[in-house]
Amino acid sequence: MRLILLGPPGAGKGTQALRLVERYEIVQLSTGDMLRAAVAAGTEIGLRAKAIMDSGELVPDEVVVGIVADRIQQPDARRGFILDGFPRTVRQAEALEQMLEENGLGLDAVIELKVDEGILLSRIEKRAGETPGGPRADDNAEALAKRLAVYREQTAPLVAYFEARGLLRTVDGMAPVDRVSREIESILDVRLEAARG
């Protein structure tokens with residue numbers, strides 16, 4: 001089971017990823033964690049990434065894809081994985097598909113958690129207001145609004161990209177957490193059955 005969870009910040013991807021890891025015995029691959037691990041391990045691509053990060057630059061797509069390629073070769077990823085924080089752009093998605101193809105692999109599903117941005121923002125403001133001495137609500141909402149704008153601009157085009165490939169399934173991310181989990185699991189169980197059949 002190889003899948004991508006898509007959705008804006010605050011959509012609940014982290015919560016659902018943890019549940020999927022447990023249910024399907026697959027690994028969650030976070031690009032941030034993978035970059036740090038590659039740098040710490042001193043791999044060839046990790047050293048390249050470190051030099052780029054030390055100079056304050058963004059790590060280019062081919063380096064990130066190289067790190068993902070190294071990571072999926074490890075034994076714990078053989079059963080499958082969830083990609084977290086990658087791909088963020090259509091170019092990264094194309095590079096990912098090419099890399100998977102070269103390894104004789106493909107994606108099983110791309111799950112989009114669809115949410116109402118207005119409700120997300122009001123939730124964040126409410127949460128900030130409930131935190132005594134916490135950050136000012138407008139700071140939090142402002143930061144989220146910026147992250148949502150970046151998501152719309154860079155990552156939202158992936159929805160159409162994966163839809164065109166017949167991989168995209170959309171789930172109502174505003175539903176209660178357990179219902180979201182059940183919907184995702186039923187989509188993935190159908191995929192698993194089809195793969196076995």
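The values are calculated or read from the model by the stated rules, or taken from the named source; none is laboratory data. These figures come from a predicted structure and were not determined experimentally. Every residue, glycine among them, receives a Cβ derived from its backbone with ideal geometry; neighbour counts consider all protein chains shown. SASA here: full protein model, heavy atoms, side chains in, ligands and nucleic acids out. Shrake-Rupley method; radii C 1.70, N 1.55, O 1.52, S 1.80 Å.
Check residue 102 against each of (1) open to solvent by 30 Å² or more (accessible area, probe 1.4 Å); (2) modelled with pLDDT of 85 or more; (3) touching a helix residue (DSSP H, G or I) at 6+ places or on another chain (Cβ under 7 Å) and name the one condition it does not meet.
(3)
Of the residues 159, 90, 150, which is modelled with pLDDT under 90 and farther than 17 Å from residue 14 by Cβ?
On inspection, the qualifying residue turns out to be 150.
Please verify whether residue 19 is open to solvent by 80 Å² or more (accessible area, probe 1.4 Å) and touching a Leu at 6+ places or on another chain (Cβ under 9 Å), treating the condition exactly as stated.
No: the conditions fail for residue 19.
Would you confirm whether or not segment 79-90 contains a residue that is part of a helix (DSSP H, G or I), over 30 Å from residue 176 (Cβ atoms) and of a type outside the set (Ser, Thr, Tyr)?
yes
Return a yes/no flag: does segment 141-164 have any residue that is under 14 Å from residue 90 (Cβ atoms), outside any helix (DSSP H, G or I) and either open to solvent by less than 50 Å² (accessible area, probe 1.4 Å) or not hydrophobic (A, V, I, L, M, F, W, C) (or both).
yes
Filter the helices (runs of 4 or more DSSP H) completely within segment 1-69 down to those with at least 1 residues that are under 29 Å from residue 123 (Cβ atoms).
Ranges flagged: 13-24, 31-41.
Scan segment 19-28 and give yes if some residue there is more than 24 Å from residue 78 (Cβ to Cβ), touching a residue at least 60 places away in the same chain (Cβ under 8 Å) and either of a type in the set (Val, Ile, Thr) or out of contact with any strand residue (DSSP E or B) (no Cβ under 6 Å at 6 or more places or on another chain) (or both), otherwise no.
Checked segment 19-28: no residue is more than 24 Å from residue 78 (Cβ to Cβ), touching a residue at least 60 places away in the same chain (Cβ under 8 Å) and either of a type in the set (Val, Ile, Thr) or out of contact with any strand residue (DSSP E or B) (no Cβ under 6 Å at 6 or more places or on another chain) (or both).
Yes or no: residue 97 modelled with pLDDT under 95, in a helix (DSSP H, G or I), open to solvent by 70 Å² or more (accessible area, probe 1.4 Å) and out of contact with any helix residue (DSSP H, G or I) (no Cβ under 8 Å at 6 or more places or on another chain)?
Judged against the criteria, residue 97 is not a match.
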